[in-house]
1. Looking at region 137-187 only, could you name the residues that are within 30 Å of Arg67 (Cβ to Cβ) and over 18 Å from the mean Cα position of the chain (by Cα)?
2. For region 15-24, check the following and say yes or no: at least one residue is at pLDDT 95 or above and either part of a loop (DSSP other than H, G, I, E, B) or among the hydroxyl-bearing types (Ser, Thr, Tyr) (or both).
3. Answer yes or no as to whether Lys130 is open to solvent by 60 Å² or more (accessible area, probe 1.4 Å) and touching a Leu at 6+ places or on another chain (Cβ under 8 Å).
4. For a quick check of your reading of the model, give me the residue pairs whose first member lies in region 115-127 and is farther than 19 Å from Gln175 by Cβ, whose second is open to solvent by 40 Å² or more (accessible area, probe 1.4 Å), with beta-carbon atoms closer than 6 Å and at least 6 apart or on different chains.
5. For region 151-210, give me the residue count where each residue is surrounded by 16 or more Cβ atoms within 10 Å (Cβ to Cβ), assigned to a helix (DSSP H, G or I) and of a type in the set (A, V, I, L, M).
6. Quick check on this structure: which one of Ala102, Ala52, Ala64, Ala88 is among the small types (Gly, Ala, Ser), in contact with a helix residue (DSSP H, G or I) (Cβ under 6 Å, 6 or more places away or on another chain) and open to solvent by less than 80 Å² (accessible area, probe 1.4 Å)?
7. With the structure loaded, tell me whether Thr200 is among the polar types (S, T, N, Q) and in contact with a strand residue (DSSP E or B) (Cβ under 6 Å, 6 or more places away or on another chain) or whether it fails that test.
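The values are calculated or read from the model by the stated rules, or taken from the named source; none is laboratory data. The structure presented is a predicted model; accordingly, all values stated were derived computationally and were not measured. Here Cβ is always computed from backbone atoms with ideal geometry, including for glycine, and neighbour counts include all displayed protein chains. Side chains included, ligands, DNA and RNA excluded: accessible areas come from the protein's heavy atoms. Shrake-Rupley method; radii C 1.70, N 1.55, O 1.52, S 1.80 Å.
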Amino acid sequence: MPGIRNTGIRTALFTVPLVIGLLGTAVTPAGAAPPHHERPLTCRGEGVDPDALVRHRTETVIHAPLRTIWKLQTDVERWPSWQAPVTAVDRLDHGPLREDSAFRWTTPVPPNPVTPATSLDITSTVEQLKRNACIRWTGPAIGEGLHIDGIHVWTFTKVKGGVRVSTEETHTGPQVDANVPFATEVLGQGLEAWLRDLKTTAEAQATRSH
């Protein structure tokens, strides 16, 4: 699942996640569900929670090599170097990210009307992975007065001039289910900001390599 942007009340529940500033390349605005005709994103045939009330999907084109984007996304221990809301990441196994890999990461949550100031501890487990094509991970995010179960899918498709990166995530839990519009908006902002940071970092690395 994503992290949390420490930018105030509107991003207080969770996620970068995991977030702010909507991308002009997003396929749907924050808080909006994808069109009904869109099939859910999948990795090796598995997707997000079809019954979740809180969900968001978006995408952008990144003008950088696929290998650069894939390394940034899968080298999870280095997330804090390009995602400010991610304060710490610990791999729970070793080697390249693969199916059954797990990692624990932390992001702060400011005080808000729903919960006090806290930190979310997120434990993500990679359920499906196809190198340079897709990743799907699941896991809980736990903080004081807050429990969220997330399922997150990423796909990477080469297109003219770059790579189309698509992402879809669902959240379930008593706190988010109690205010679905707010939780969905926060999730959407988080995913779009994650894409923005990934795009900015990957394109900067591509420029330096030329």
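1. Lys158, Val159, Lys160, Gly161, Gly162 - these are the residues of region 137-187 that are within 30 Å of Arg67 (Cβ to Cβ) and over 18 Å from the mean Cα position of the chain (by Cα).
2. The answer is no, given that none of the residues of region 15-24 is at pLDDT 95 or above and either part of a loop (DSSP other than H, G, I, E, B) or among the hydroxyl-bearing types (Ser, Thr, Tyr) (or both).
3. no
4. Val126/Glu99
5. Residues meeting the conditions: 10.
6. The conditions single out Ala64.
7. no
Listed here are the residues, each with its yes/no results for (1) modelled with pLDDT under 95; (2) under 30 Å from Ala178 (Cα atoms).
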position: Arg57; (1), (2): no, yes
position: Ala64; (1), (2): no, no
position: Ile69; (1), (2): no, no
position: Thr74; (1), (2): no, no
position: Gln83; (1), (2): yes, yes
position: Leu92; (1), (2): no, no
position: Arg104; (1), (2): no, yes
position: Leu120; (1), (2): yes, yes
position: Ser124; (1), (2): no, yes
